[in-house]
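Accompanying notes for the structure given below.
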Amino acid sequence: MPTPSRPVRRLDPILVDRIAAGEVVERPASAVKELVENAIDAGATSIEVTIEAGGRRLIRVVDDGAGMGAEDLALAVERHATSKLPDGDLTRIGTLGFRGEALPSIGAVARLAITTRTAEAETGSTLTVEAGLKGAVRPAPAAKGTRIEVTDLFAATPARLKFLKSDRAEAAAVADGLRRLAVAQSGIRFTLRSEGTTPLVFPAEREPGPAASLRRLVAVLGSEFGPNAVPLSMEREGFALEGHIGLPTYHRGAASQIHFTVNGRPVRDRLLLGAVRGAYADTMRSDRHPVLALAIACDPALVDVNVHPAKTEVRFRDPGLVRALIVSAIHETLRRAGARASTTAASRTLEALRPMGGHPGSGIRSGRTTFSPVLPSVGAPPGYRQASRAQAASVLAEAGFGEAPQALFSHDLAPPVAEARTASAEAEPLDAPLGAARAQLHETYIVAQTTDGMVLVDQHAAHERLVYERLKRERANGGIARQGLLIPDVVEMAAPDVARLLAAAADLDRLGLSIEAFGPGAVLVRAVPAALAGGPARALLTDILDALDASGLEDDSPDGTEGGPLGRRLDAILSRMSCHGSIRAGRRLRPEEMNALLREMEATPLSGSCNHGRPTFVELKLADIERLFGRR
């Protein structure tokens, strides 16, 4: 309704453009995104972006696309003028831009200069727009394609300048936006030039395919992504999903390295991010995020891209189908990857072991003390051997290590060389992915030898994953094997906890745990999963209560779909239960038990991380170990 004594009137067209610019051009990175997307839609194979003062003083975008003629150039800066909706059908949008708002919006808040030429034209055309005032189209020399310069961004709306961050932060936002476009368009060469920094260049990958896609991802996400990535490909009911996903043990503290594209459009959609979180739920810590890049391709009619001014969000006609596709594809891909640990885990291990100063291999520094192991030479007299061991133990104690070196091992050291030669080398599974067990450290870690290095395994974390996967398989195959208790176990608990457990009794019974009420403040346990037999019932029920509190609250996916509330609830309970059936740290294992654990890890999907996202093993290559000791 009109305010008193103030009649309704039409806003000035230039003011309208400036208001619209507030939706489209929030910061320099928004302007760069719009201009680069226009270049991509024009068929460019090379796009060069130059910025100054974080894009506030200058944004220049040069492409080798189709270019424009004089008449098209004059219309391109008019509001709601576009060449990207030839039939006016908003339900089948196949281009990145379509609203015709970018150029007039930018011209309304800055000085805009466009120079362009088509391949057929003998000369180019140029036009300027300053603070919303359009100049005349004039002939100008130009190469094929389009050159756009934006100077003094927000000069016409100086209040907006107060909301910009530092030049460095704005330049970083521009670079991040260009990286997302580079992930989506691997066939285009992207270059970003900014004052005082090395140019950011992503060469074009001319031949499409997983290998070319991975090269572009390595260029964008870093060299570590390559050896820690697994290719993914799956199709379902009109949707195709392709890309690469990182191993669960290769992760980040923020979700900034999760890249999604929908029909070539980079998007940041909560549905897609939620699906990724659900897919990695039982392989990664809740405060960590995976690194991946996935492309969704579908009929444009199955997705609405006209739901956000910046076109960064989409709406799918069948969101449940898309979510189920992502979750199942990631699950299946990680299972195919088998027992793999990220290479970054080995790098962190070597960094932790690397001497702090001095020459490699010269010693290990702990606190103020630097020590080197004192090893007797072959054939040294017994007295020398004993003295050297005592000296090493003394130095270790002084450095803060309480046990002598030989006490770290749970079984005897390797036999003498003469006796070792009598053993059959062929019987030792050194060529297996996780090698042959050699020792147990602190009754917690298994040391295994491989053909080209060594593996260090956390026995509790590894077995926890094995028990969890076994329980999930049994549940999927018709029911978890249970073991009835000869004498039912009575567990006293607070009345509210008893009520929550009894409310979930039907679900727990499906998981092999049979409980019933036993008075107002107790639960009677009649059967437990066979894999967990012998464990303390109270600790098991307490962990299940925690799982009930933490599960089933993140999305509204219908039951029956993979990762829906019921499936997620049951998996969360199984994850907590599996901890009680696993080999505990501090338990001494025989060599055959250690090797059996290694072989089962090799045969079990996702065994590279435990249910809580911690790595189950670290692999060190012999070459890395030799460099650690100065042999290379």
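Right, Thr50: of a type in the set (S, T, N, Q) and in contact with a Leu (Cβ under 8 Å, 6 or more places away or on another chain) or not? When the stated conditions are applied, Thr50 passes them.
Within the option set Leu271, Leu241, Leu302, being under 22 Å from Arg92 (Cα atoms), touching a residue at least 40 places away in the same chain (Cβ under 8 Å), touching a Pro at 6+ places or on another chain (Cβ under 6 Å) and surrounded by 14 or more Cβ atoms within 10 Å (Cβ to Cβ) holds for one residue only, Leu271. Summed over the stretch 164-179, the residues that are surrounded by fewer than 18 Cβ atoms within 10 Å (Cβ to Cβ) and not in a helix (DSSP H, G or I) give a count of 2. Scanning the stretch 115-164 for residues that are of a type in the set (Lys, Arg) and in contact (Cβ under 8 Å) with a residue 24 or more places away in the chain returns Arg117, Lys134, Lys144, Arg147, Arg160. Close contacts from the stretch 320-348, counting a first residue that is closer than 20 Å to Arg465 by Cα and a second that is assigned to a helix (DSSP H, G or I) and among the β-branched types (Val, Ile, Thr), with Cβ to Cβ under 9 Å and a gap of 6+ residues or different chains, come to Val327/Val276; Ile330/Val276. When the stretch 273-310 is filtered for residues that are over 14 Å from the mean Cα position of the chain (by Cα) and among the hydrophobic types (A, V, I, L, M, F, W, C), the ones remaining, listed by number, are Ala295, Ile296, Ala297, Cys298, Ala301, Leu302, Val303, Val305, Val307, Ala310. The condition of being touching a residue at least 24 places away in the same chain (Cβ under 8 Å), of a type in the set (Gly, Ala, Ser) and in contact with a helix residue (DSSP H, G or I) (Cβ under 6 Å, 6 or more places away or on another chain) holds for only one of Gly535, Gly484, that being Gly535. When Pro227 is tested against (1) under 15 Å from Ala297 (Cα atoms); (2) surrounded by fewer than 22 Cβ atoms within 10 Å (Cβ to Cβ); (3) in contact (Cβ under 8 Å) with a residue 60 or more places away in the chain, exactly one condition is not met: (1). Residues in the stretch 126-164 that are within 23 Å of Arg193 (Cβ to Cβ), modelled with pLDDT under 90 and not aliphatic (A, V, I, L, M): Phe154 only. When you look at Arg473, is it under 29 Å from the mean Cα position of the chain (by Cα), in the same structural domain as Glu619 (by TED's automatic domain parsing) and modelled with pLDDT under 90, yes or no? Judged against the criteria, Arg473 is a match.
Listed by position, the strands (runs of 3 or more DSSP E) enclosed by the stretch 180-240 that each have at least 2 residues that are at pLDDT 95 or above and of a type in the set (D, E, K, R) are 189-194. Selection of the stretch 50-78 for residues being among the small types (Gly, Ala, Ser), within 14 Å of Leu112 (Cβ to Cβ) and crowded, with 19+ Cβ neighbours inside 10 Å yields Gly55, Ala76.
The values are calculated or read from the model by the stated rules, or taken from the named source; none is laboratory data. Computed from a predicted structure; not experimentally measured. We place every Cβ from the backbone using ideal geometry, glycine too, and count neighbours over all the protein chains shown.
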